[in-house]
Amino acid sequence: MFRYFTQRNLRLCLFWESFQGVHGTMSPALVPGDRRTRCCLAPLDPVQQKCMIEDKARADMECCLNRLKMIILAAGLISLVACESKDTKKSAQPVTQAMAPSLQQTAATPVALSKTPVDQAPAQAQQPENPDPVPGMIADAEKALAAGQEDYKAGHLDAAKQDFNHAVDILMQGPVDIKSDDRLQAEFDKITEEINKLEMVAFKEGDGFAEQQPEPAPIDEANQVTFPADASVTAKAEADLKTTQSDLPLMINEYVAGYISYFSTHGRSVFEGAFVRSGRYREMILRIFKEEGVPQDLIYLAQAESGFKPLALSRARARGMWQFMASRGVGYGLRRSWWVDDRQDPEKATRAAARHLKDLYNQFGDWYLAMAAYNSGPGNVQQAVKRTGYADFWELYKRNVLPAETKNYVPIILAMTIMSKNPAQYGLDAVQPDPPMKYDVVKVNYPVDLRLVAECVDVPIEQMIDLNPSLLRRTTPKDQPFDLRLPLGTKDKYEAAIATIPVEKRVAWRYYKVQPGDTLAGVARKYRTTERAIAQANNLQPGPLASEAKLVIPVNGAGANGKIVYSRYASHYKTHTGDTVLTVAEDFGVPPDRLRRWNRLKGNDLRHGRVLIVYKPLAPGEADKAPARRRKKTAHATTKPKSNATAAAKEKAALNAKSE
């Protein structure tokens, strides 16, 4: 093998030498015809010749290997230079900057390019730090506060309250605890201070955020019961029906008889209360129904809905004697503002109800379906008719395609109609309805407190509230005219008295009738004003006050020093689900910060069932009386009563907070 290799390499070497000679690169020692060449090629001894050949082969082989290495190295260098040239061209182009993944990316979005070299890209791909959420929370809270202020200026009470509550909730319920961040605490104090300022302005102009307290609608209670029909009651009702005159189609079945049984027993107090109150509005309702051309006996719809309570409020937020939802009422001209809700105006709501019922009858051609649509909306009834193909209330009732409260609604009205038109048969002949409500009307275009009106005409404030149930804050609107109802025959008396009080003072000032034994100092203390202010307003001369004289009392809606005066006696309120510091403060007409100090509270949340201490603000002239205490029944006591010392300590702490 070695011999073959050496002989082959010898031939290669000779070939290479001859090749170099041809191209003029051969060494002079190997030029053909040279003596040294000829000497080297002279015949030799075989052994010498063999050794010589082997040495020559080894040398030539090493030379060839070295040259081969050089060729391979040169080829590698050429390849490396070519790669570097190619990479250099690529690196000359800018590289894409590392970006955080986005939620959405469209084809039209340009890709950001970076001038940063490739080897620095990983450093830029690091995740950014979490942003600070506090500035966003503060901005959102400010936005909600601004919205509340706009609603306040526009007179939209409910919207303003919701916006103010939302502003506070943003700070209280955000991702950062308000206690751990001074910026949130400062913003919270700022927002609550702004809300307090608005509350105090509203309080001085009337009753602030404290609306009239609504009454539960009787229809809700009746809808919750299912009373079995009594055979004797059914037979009696069928007999009465034969002699009953009505402009509505009356009928008796097990559903109607069941409610007659209910109103004759468990629900009798509800029925009698509505029957008594019906006397106040009956004449007015029948007159309007006649003018609008609807059946007179639809009056019993109001008896079932509200029991003739103008302040009735259902669980569905329907309001007034005719239980209008806000949106439906607006469609029939019943306005709603900070000061007035026409759904609580008996006369305006009655006319709106007559027109609405007439529209529903024209749509369905059946008074039972019209009444059902009045309760649940025409859309629900129309859908039930389309689904079953029956335009008949009782067929829809049997097929259970109407809401449960609507199914009960028509039987309740029919039961009340039959009983009201046959009072003697149901033991109601001794129940006397109230006399009709009579009144004078004065159109006012200025704000005036109902307490001042009551003092001007010498009637209790409760009578003025009953005559004007649509007023939400015991004050007439300041930006729109209002038909103020006065007791019959007192119109001239009111106009003469109110003329003595400046228009801009008719919300805060009072009108007082001097009683025997009154002194100027005593009257000033009663209304928390000064003797000098009363004397100047009435041009009084020094001396005793004349009995029965009328005095204008200049007060500012607060105390004589311009501060709100609070009762010395604590009232107690047990919180319910959904109560917050703001809502409780609004209900009692006190600033939220005072409520927090009295009860050592922080934030806006309240735990259900907590008992709060409240010192109610006193109106000018209002006597400071201790609240009536209810005696607890020992049989229902579930907790051990606290010691007198503990209760006294809590009361003392609250009084100290009150005085701060």
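The values are calculated or read from the model by the stated rules, or taken from the named source; none is laboratory data. Keep in mind the model is a prediction, meaning the values are calculated, not measured. For neighbour counting, all protein chains shown are included, and Cβ atoms are generated from backbone atoms with ideal geometry for every residue, glycine included. Heads up: the accessible areas ignore ligands, DNA and RNA and are worked out on the full protein's heavy atoms, side chains in. Shrake-Rupley method; radii C 1.70, N 1.55, O 1.52, S 1.80 Å.
The table below lists the values:
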{"item": "All positions within segment 249-260 that are open to solvent by 10 Å² or more (accessible area, probe 1.4 Å) and in a helix (DSSP H, G or I)", "result": "E254, Y255, Y259"}
{"item": "Filter pass, D163 being at pLDDT 70 or above and out of contact with any Phe, Trp or Tyr (no Cβ under 9 Å at 6 or more places or on another chain)", "result": "no"}
{"item": "Scope segment 307-324; condition in contact (Cβ under 8 Å) with a residue 12 or more places away in the chain and part of a loop (DSSP other than H, G, I, E, B); matching residues", "result": "G307, F308, K309, P310, L311, S314, R315, A318, G320, M321, W322, Q323"}
{"item": "Number of positions in segment 382-401 that are more than 20 Å from N362 (Cβ to Cβ), assigned to a helix (DSSP H, G or I) and of a type outside the set (D, E)", "result": "5"}
{"item": "Qualifying residue in segment 480-498 (condition: over 29 Å from D342 (Cβ atoms) and either open to solvent by less than 60 Å² (accessible area, probe 1.4 Å) or modelled with pLDDT of 90 or more (or both))", "result": "yes"}
{"item": "Test: residue in segment 390-408 that is closer than 26 Å to D297 by Cβ, of a type in the set (S, T, Y), free of Cβ contacts under 8 Å to residues at least 60 places away in the same chain and open to solvent by 10 Å² or more (accessible area, probe 1.4 Å)", "result": "yes"}
{"item": "Cross-chain or 6+ apart pairs with Cβ under 6 Å, segment 291-306 first and modelled with pLDDT of 95 or more, then of a type in the set (D, E) and open to solvent by 10 Å² or more (accessible area, probe 1.4 Å)", "result": "P295/D247; Q296/D247; D297/D247"}
{"item": "Among (1) surrounded by 17 or more Cβ atoms within 10 Å (Cβ to Cβ); (2) without any contact (Cβ under 8 Å) to a residue 40 or more places away in the chain; (3) at positive phi, the one test that N539 misses", "result": "(1)"}
{"item": "Selected residue [over 18 Å from S246 (Cβ atoms) and either out of contact with any strand residue (DSSP E or B) (no Cβ under 7 Å at 6 or more places or on another chain) or aromatic (F, W, Y) (or both)] from Y397, Y368, Y426", "result": "Y397"}
{"item": "Residue list for segment 195-245, restricted to those being touching a strand residue (DSSP E or B) at 6+ places or on another chain (Cβ under 9 Å), over 17 Å from R268 (Cβ atoms) and either outside any loop (DSSP other than H, G, I, E, B) or at pLDDT 70 or above (or both)", "result": "F203, E205, P214, E215, P216, A217"}
{"item": "In segment 424-459, residue surrounded by the fewest Cβ atoms within 10 Å (Cβ to Cβ) [restricted to those that are small (G, A, S) and assigned to a loop (DSSP other than H, G, I, E, B)]", "result": "A430"}
{"item": "Count - residues of segment 180-190 that are in a helix (DSSP H, G or I), out of contact with any Pro (no Cβ under 9 Å at 6 or more places or on another chain) and touching a residue at least 12 places away in the same chain (Cβ under 8 Å)", "result": "3"}
